[in-house]
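Peer 1: I have a structure I would like to understand better, so I am pasting it below and will then ask my questions one at a time.
The values are calculated or read from the model by the stated rules, or taken from the named source; none is laboratory data. On a predicted model such as this, the values are computed, not experimentally measured, just so you know. Note that we place each Cβ from the backbone using ideal geometry, even for glycine, and neighbour counts take in every protein chain shown. Heads up: the accessible areas ignore ligands, DNA and RNA and are worked out on the full protein's heavy atoms, side chains in. Shrake-Rupley method; radii C 1.70, N 1.55, O 1.52, S 1.80 Å.
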Amino acid sequence: MAGVSDLKAILRIRPFRRLWSVLGLSAIGDWLGLLAATLFAASQFDNPTAQGAAFSSVIVMRLLPSLILGPIAGVFADRFDRRITMAVCDFIRFALYLSMPLVALWVGGGIRAATWIVIAQFFIEAVSMMWMPAKEAAVPNLLPKARLEAANQLSLLTTYGIAPVVASGIMSTLQSVAVSDWLDGFGDWAQPSAIGLYINALAWLTASATVFFLIPEISVRRGADVSAPKGSHPSMLREFADGWRYVSRNHTIRGLVLGIMGAFAGAGVVIGTGPFYASSLGGGDATFTVLFATIFIGLGIGLLVGPAVVRELSRRRWFGMSIVLAGIGLLLNASAPQLWIAVVGTLIVGAGAGMAFLAGITLLGREVDDTVRGRIFAFINTGARVVLMASVAGAGVVAGFGNARRLDLGFISLELSFSRLLLLAAAVLSVIAGIAAFRQMDDKPGVPVFADLWGSMRGRPIMPGKTADGYFVVFEGGEGSGKSTQSVKLAAWLRVRGHEVVLTREPGATELGNRIRALILDPKSSTSPGVRAEALLYAADRAQHVDKVLRPALDRGEVVISDRYVDSSLAYQGSGRELPSDEIAWLSNWATDGLKPDLVVLLDIDPSDGLARATAGGKADRLEQESVEFHEKVRFKFRDLAASDPTRYLVVDATLDRDEIAKTIAEHVAQQLPAPEASQDSTSWPRYGEADHDAPSAEETPGDPDVSTTEEADVTVQLTAPSAPTEDSSDPDTTAKLPTEVDETKPMKSPTVQYKTGRATP
Ligand SMILES: Nc1ncnc2c1ncn2[C@@H]1O[C@H](COP(=O)(O)OP(=O)(O)OP(=O)(O)O)[C@@H](O)[C@H]1O
Ligand SMILES: Cc1cn([C@H]2C[C@H](O)[C@@H](COP(=O)(O)O)O2)c(=O)[nH]c1=O
């Protein structure tokens, strides 16, 4: 499960917090509405047959609109302001729920009241169809992408965990009050199901007002074509067709849709065959109830525990693998001779489905363009309901067909029934759907699946191999996260391993860059650049860095390690200063002429802890003086970037021990970068963990006699901290610190602490 700190972090984002409370209210409203309306419809009759008919009409009416209106609903969500769509939908639901008991009072109950309840139910569901894609499509715009998974966990937990419990709690409280004759004196309007409907109406009114008045952010679109003149929208039909085309053309989305439909079909078969399967296990209603409850327990486990177990696993891979896992559970069910095996199988089916659901909606939120997101969610909502209903109904009919045969294999005896054959077919289908989805979406082709899963669970996913000569590693992270410490350690380790290494950083790796650095980080307000000037200064430093240091070294086939690069601009200037991210990305791309790192190591740390470390030794520089909120935005952006391209990033918890971090990084790099042939160490990898003598610590590096500086090609960096004294005197690792003096032509003068970037000559 996302950690408590993750959940707290997303609830600190005001628009999301408010939307979440609306979601909670709406979910309670939905469940309460279902309970209260079905009971209220049934209560209009005395005859049990009529009561049953009223009850099931309400249920049918809740399913019907999704088939008719689902696809159009998505066009609404993409075309119109989502806040207005949501607020209007909530208001209509308020009016419809309120109307049910009022109409019943007016017409005096009976068939006319029940008819209105059924009709109102149809409209309520139709309106929900419009509301749902608007909400789903809005959530990713309110959060950093790295937080989407935690937000989805919270939403699902609220909708399927907390809301039904609260709703049934309210209903049963009302009913027990009624049983105690307390409500008798109030007449018809105060029967428990009617009060449930009033409370429900109030919940929708509150939700509508909250969305309309308190969450203006829902109206904001990311990536939408705001420049499109009014009236230039294509027709609704065209937009609908565009949505379908988007699904059919996009590999990832196709994989997701395929997988989600497969999972729902499997779930439908399990529900449809349930009672027959229970009897094939020699049980009855009680067995069915146990299995039914088990699937939800499994679902909950998958949703809550799944992300914590798979940790760094690519979400695209996780999605396909979860569906295969559900298929394996079904297989176990199909062949289970005893109830306890069936329970284990059902638990696996639930957990697989829950994880696939979470991974699927998170990927959709991350990867689908805002402009079509509503249509895609609507498409999936509708498709899932159709597939679910069809498979429940179909499986129910087929499973009840024909007599069971007992298969005796000597060591095991099995009841061979249609329900088991269906479960077997569903298992095969799920495995095929999971593998197909995996193949369509795999973002790590060639990386062995199980080794990757195992590595990811230990926080060290395997990255695809690399063939180019030079190798470019970047360290990113907030203040004091340990970038300098770890760059030095990695450089030292690589040198011992026989690589030629250039250790460098931004800003300030060239003479020009060093002057820029002094200007940008100077805390004196008289020289502070404006936000755009600041972005341009970092870009200028980077352009010089790429031109004079990075490209030449990579062209020579060397390993380059840079302390910060483009992501720092995206995080600090893009997210921290709130400059448009695409403009910063473009500017950086221009400055670097498209040079991208092979690996970005993100050292992730809570900004308060990082700032405390960075400023422990003295006063803070201009950027370090920014607020914790500023640095939190920076952190989220770094994590977003890492989440959007997991193959290129290694995210490491920067609060761990220095050597443990260094070991993780070195092991990761070793998987991508073979040791040079000439190196005596090349056959002995991995040995980093054996003892520290294999991996010289940063403090050894300054005096490393094997490192020579060639002045025409290399950059010599003096690492000392005149303007922002953050060196920790008790810690010799902090040699790589702060504003540097760089002399591109001469050896360093008066270094206090120094190490050299350049080619190592082992
Ligand atoms: N894993 C760690 N655990 C505890 N302290 C650490 C760890 N790594 C580094 N430090 C300490 O934190 C301080 C900052 O480390 P370092 O300079 O390497 O971070 P940085 O990310 O380069 O900082 P800045 O962003 O300010 O350049 C130093 O005092 C260093 O000794
Ligand atoms: C490259 C780059 C850096 N920054 C910020 C980040 C830090 O606050 C300073 C650099 O200091 P450090 O001690 O070397 O980490 O500059 C930025 O805002 N944008 C950038 O592109």
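Peer 1: Criterion first (touching a residue at least 40 places away in the same chain (Cβ under 8 Å) and in contact with a strand residue (DSSP E or B) (Cβ under 6 Å, 6 or more places away or on another chain)) does V601 satisfy it?
Peer 2: yes
Peer 1: If you don't mind, another one. Are any of the residues in the range 96-104 in a helix (DSSP H, G or I) and at pLDDT below 90?
Peer 2: Yes, the range 96-104 contains a residue that is in a helix (DSSP H, G or I) and at pLDDT below 90.
Peer 1: Considering only the range 621-638, I want to know if a residue exists there that is farther than 29 Å from A150 by Cβ, away from ligand 1 (no atom under 11 Å from the Cβ), open to solvent by less than 40 Å² (accessible area, probe 1.4 Å) and not in a helix (DSSP H, G or I).
Peer 2: Checked the range 621-638: at least one residue is farther than 29 Å from A150 by Cβ, away from ligand 1 (no atom under 11 Å from the Cβ), open to solvent by less than 40 Å² (accessible area, probe 1.4 Å) and not in a helix (DSSP H, G or I).
Peer 1: Do the conditions hold for V166, that is, is it closer than 23 Å to G383 by Cα, touching a residue at least 24 places away in the same chain (Cβ under 8 Å) and among the β-branched types (V, I, T)?
Peer 2: no
Peer 1: I would also like to ask the following. What is the number of the single condition among (1) surrounded by fewer than 18 Cβ atoms within 10 Å (Cβ to Cβ); (2) within 15 Å of D598 (Cα to Cα); (3) among the charged types (D, E, K, R) that E558 does not meet?
Peer 2: Condition not satisfied by E558: (1).
Peer 1: May I ask you to list pairs of residues, at least six apart or on different chains, whose Cβ atoms are under 7 Å apart, with the first in the range 484-495 being within 10 Å of L603 (Cβ to Cβ) and the second being within 12 Å of ligand 1 (Cβ to nearest atom) and assigned to a helix (DSSP H, G or I)?
Peer 2: As it stands, the answer is T485/R658; T485/A698; Q486/I661; Q486/A662; Q486/I665, since those pairs meet every condition given.
Let's see how each residue does on (1) at pLDDT 75 or above; (2) among the small types (G, A, S):
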| site | (1), (2) |
| --- | --- |
| P229 | no, no |
| P234 | no, no |
| E239 | no, no |
| H251 | yes, no |
| G259 | yes, yes |
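Peer 1: Just one of R564, R551, R639 is under 30 Å from K663 (Cβ atoms) and either in contact with a Ser or Thr (Cβ under 6 Å, 6 or more places away or on another chain) or away from ligand 2 (no atom under 11 Å from the Cβ) (or both); which is it?
Peer 2: Details: R564 fails: either in contact with a Ser or Thr (Cβ under 6 Å, 6 or more places away or on another chain) or away from ligand 2 (no atom under 11 Å from the Cβ) (or both); R551 fails: under 30 Å from K663 (Cβ atoms).
Going through R564, R551, R639 in turn, the sole match is R639.
Peer 1: Within the bounds of the range 285-293, is there any residue that is closer than 30 Å to L154 by Cβ, open to solvent by 10 Å² or more (accessible area, probe 1.4 Å), small (G, A, S) and touching a residue at least 24 places away in the same chain (Cβ under 8 Å)?
Peer 2: Scanning the range 285-293 turns up no residue that is closer than 30 Å to L154 by Cβ, open to solvent by 10 Å² or more (accessible area, probe 1.4 Å), small (G, A, S) and touching a residue at least 24 places away in the same chain (Cβ under 8 Å).
Peer 1: Which residues, taken from the range 608-624, are within 13 Å of ligand 2 (Cβ to nearest atom) and out of contact with any Ser or Thr (no Cβ under 9 Å at 6 or more places or on another chain)?
Peer 2: Scanning the range 608-624 gives L611, L623.
Peer 1: If you don't mind, another one. Considering only the range 567-607, state which residues are among the acidic types (D, E) and either under 19 Å from R505 (Cα atoms) or within 15 Å of ligand 2 (Cβ to nearest atom) (or both).
Peer 2: Residues satisfying the conditions are D567, E578, E583, D593, D598, D604.
Peer 1: Mind checking whether some residue in the range 301-324 is among the polar types (S, T, N, Q) and open to solvent by 30 Å² or more (accessible area, probe 1.4 Å)? Give the derivation first.
Peer 2: Applying the first criterion (among the polar types (S, T, N, Q)) to the range 301-324 yields 314, 322.
Add one more test, that the residue is open to solvent by 30 Å² or more (accessible area, probe 1.4 Å), and what stays is none.
No, every residue in the range 301-324 fails to be among the polar types (S, T, N, Q) and open to solvent by 30 Å² or more (accessible area, probe 1.4 Å).
Peer 1: Within the range 106-165, track down each residue that is among the β-branched types (V, I, T), under 33 Å from the mean Cα position of the chain (by Cα) and open to solvent by less than 40 Å² (accessible area, probe 1.4 Å).
Peer 2: I124, V127, V139, T158, T159 - these are the residues of the range 106-165 that are among the β-branched types (V, I, T), under 33 Å from the mean Cα position of the chain (by Cα) and open to solvent by less than 40 Å² (accessible area, probe 1.4 Å).
Peer 1: Can you run down the residue pairs with Cβ atoms below 6 Å, 6 or more apart or on separate chains, where the first is in the range 614-628 and closer than 21 Å to T655 by Cα and the partner is more than 9 Å from ligand 1 (Cβ to nearest atom) and open to solvent by less than 30 Å² (accessible area, probe 1.4 Å)?
Peer 2: Taking only residues 6 or more apart or on different chains, the pairs are V628/P607.
Peer 1: Can you pull out the residues in the range 396-431 that are modelled with pLDDT of 80 or more and either among the charged types (D, E, K, R) or open to solvent by less than 60 Å² (accessible area, probe 1.4 Å) (or both)?
Peer 2: Matches in the range 396-431: S419, R420, L422, L423, A425, A426, A427, S430, V431.
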